[in-house]
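Inspection log for the structure reproduced underneath, given as structure tokens.
The values are calculated or read from the model by the stated rules, or taken from the named source; none is laboratory data. What you are looking at is a predicted structure, and each value in this text was computed from that prediction instead of being measured. As a convention, Cβ positions derive from the backbone with ideal geometry for all residues, glycine included, and neighbour counts pool all protein chains shown.
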Amino acid sequence: MKAWPFSLWKRLLTVPLFCLFPAAFGIVATTRGQSPPPQGHAAATFHLDAASRAEVAEKFAQALADDYAYADRGAKMAAAIRAHVNAKAYDGITSAPEFASALESDARAIVDDRHLEVDFSSEPPQMPQGGPSREMMAEMRRQNAEIPQVKILDGNIGYLVVNGMLPDSVANDAIAAAFAFLHNTDALIIDLRGNPGGSGSIDLFMSYLSTGAPYLLHSVHWRSGRVVQTTTMDLGALSYGTKKPVFLLTSHRTFSAAEALAYDFQSRNRGTIVGETTGGGANPSVWGGMVPLGYGFSANIPTGYVVNAVTGTNWEGVGVKPDVKVPADDALAKAWSLALVRLSGNAADHQTRTFLEALSAAKLDGEPTLSSAQLAGRYAAKSGDPTMLITQNDGKLYGHESYSDGEVADIAFRSLGGDRYAPIGFPDGFSLTFAEREGKIELVQLRPPPMDSSLLQKQ
């Protein structure tokens with residue numbers, strides 16, 4: 001199968017809400033007459049002249065005036081571009097990429113819309129008109145809804161990584177499978193830190209985090225006058241529900257439709273957002289988004305704006321601010337610890353609460369806080385059985401476990417991030433987590449049934 005260029009996939013994943021299927025909402029991308037981009041040797045030696053600069057700038061200004069989501073702001077940006085042309089501000093620019101950057105900067109100096117872009121390419125546009133091709137749809141299905149990881153973390157906490165927001169039609173099965181797998185976890189972490197957005201799935205995710213009758217999440221108001229609403233669905237017993245803790249992880253790279261999910265999630269008080277303020281791009285455009293300007297130039301002109309049903313506004317230019325602000329690299333460890341604290345407070349028995357409290361005190365992801373030398377030593381349970389001797393050699397940890405019946409196990413460990421380790425050669429589900437509490441180092445050893453987990457303390 002032909003691989004789609006990276007630039008195309010970048011465009012696909014950063015196209016805002018509902019851009020992939022404009023025809024379904026009465027939105028059709030307009031194509032103006034344009035001069036063809038230079039090809040071959042001409043592309044390598046292409047230099048702008050006064051006539052080509054004037055033509056491209058005027059087409060850009062007209063597109064802003066005709067198509068931008070807010071008519072008054074589009075008119076102001078168009079006037080600014082024309083004023084720069086009249087002032088001969090672009091006369092010294094002969095580099096096509098530099099000219100594209102100048103047009104974009106001058107428009108965004110008036111309205112800092114994070115989706116507004118001007119690009120130059122020596123290659124003809126490859127984005128199919130009217131929606132994604134059959135080949136592109138098949139490739140999106142193969143990407144498994146941009147969900148590369150679904151797992152259960154220590155403490156029975158679900159972890160779902162979502163790296164893109166693909167249309168419901170190609171994402172539904174993968175999202176359903178992920179939530180089915182995570183259904184019986186006690187808390188959930190959804191990781192949007194690497195998600196640049198896309199074209200859908202917001203309604204699906206929010207539906208799995210809701211119960212009862214459908215409700216309005218947000219509406220998109222297009223420049224054409226059409227309004228498109230996004231609502232949840234009643235999934236019944238398939239829903240994750242509304243009572244279990246849910247955490248969303250964000251970074252400054254979280255953008256567009258991924259921000260829409262975070263904003264809807266936050267506006268409904270469904271859970272806790274942990275990480276960084278998101279990128280701040282809310283205004284959508286139609287499929288492809290790129291208006292041809294001639295000579296290989298094109299512009300992404302946002303043609304709509306989002307109105308959240310609760311707040312009456314959106315996150316354009318300001319991003320979605322986290323409830324718990326931490327660097328993106330620390331967001332998973334922080335959310336995981338918060339989930340454990342929440343669950344320990346609701347634990348039905350003392351043993352479960354003790355394990356969860358010990359886990360929540362540990363560094364669970366990222367760089368370790370306890371050195372190999374600090375971890376080395378003998379550990380024992382309060383009952384005296386089992387005991388474990390931890391040794392270290394050249395920074396690597398080894399465990400020597402003994403039992404009252406004389407059995408001894410010697411195992412090498414590998415890092416799982418933070419102060420967590422796993423026995424080499426064992427599958428997921430076996431872990432050793434070290435935490436320092438009240439001046440003592442504890443070891444939480446988790447093993448799936450029928451093997452017994454244990455809480456040991458360094459002697």
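Within region 380-408, restricting attention to residues that are over 39 Å from the mean Cα position of the chain (by Cα) and at positive phi, which residue is modelled with the lowest pLDDT?
The qualifying residue modelled with the lowest pLDDT is G406.
Can you find a residue that is farther than 24 Å from R223 by Cα, outside the structural domain of V306 (by TED's automatic domain parsing) and in contact with a strand residue (DSSP E or B) (Cβ under 6 Å, 6 or more places away or on another chain) anywhere in region 53-73?
The answer is yes; a qualifying residue exists.
Look through region 409-425, keep the residues that are surrounded by 13 or more Cβ atoms within 10 Å (Cβ to Cβ) and in a loop (DSSP other than H, G, I, E, B), and return whichever of them is farthest from the chain's Cα centre (by Cα).
The selected residue is D419.
What's the total number of residues in region 324-339 that are crowded, with 16+ Cβ neighbours inside 10 Å and either among the β-branched types (V, I, T) or assigned to a loop (DSSP other than H, G, I, E, B) (or both)?
Matching residues across region 324-339 total 1.
Considering only region 131-161, state which residues are of a type in the set (A, V, I, L, M, F, W, C), modelled with pLDDT of 95 or more and either more than 15 Å from the chain's Cα centre (by Cα) or under 30 Å from A358 (Cβ atoms) (or both). Even if it seems obvious, please write down each step before you answer.
Going through region 131-161, the residues of a type in the set (A, V, I, L, M, F, W, C) turn out to be 136-138, 140, 145, 147, 150, 152-153, 157, 160-161.
If we keep only those that are modelled with pLDDT of 95 or more as well, we get 147, 150, 152-153, 157, 160-161.
Those that are of a type in the set (A, V, I, L, M, F, W, C), modelled with pLDDT of 95 or more and either more than 15 Å from the chain's Cα centre (by Cα) or under 30 Å from A358 (Cβ atoms) (or both): V150, I152, L153, I157, L160, V161.
Tell me whether region 264-285 contains one or more residues that are buried (at least 24 other Cβ atoms within 10 Å of the Cβ), over 24 Å from I190 (Cα atoms) and among the β-branched types (V, I, T).
Taking every residue of region 264-285 in turn, none turns out to be buried (at least 24 other Cβ atoms within 10 Å of the Cβ), over 24 Å from I190 (Cα atoms) and among the β-branched types (V, I, T).
Pull up region 164-209, narrow it to residues that are in a loop (DSSP other than H, G, I, E, B) and free of Cβ contacts under 8 Å to residues at least 40 places away in the same chain, then point me to the one that is farthest from G429 (Cα to Cα).
Going through region 164-209, the residues in a loop (DSSP other than H, G, I, E, B) turn out to be 164, 166-167, 183-186, 192-197, 199-201, 209.
With the extra rule that they be free of Cβ contacts under 8 Å to residues at least 40 places away in the same chain, the set shrinks to 166, 184.
On the way: L166: 31, N184: 16 Å.
Restricting to residues being in a loop (DSSP other than H, G, I, E, B) and free of Cβ contacts under 8 Å to residues at least 40 places away in the same chain, the top hit is L166.
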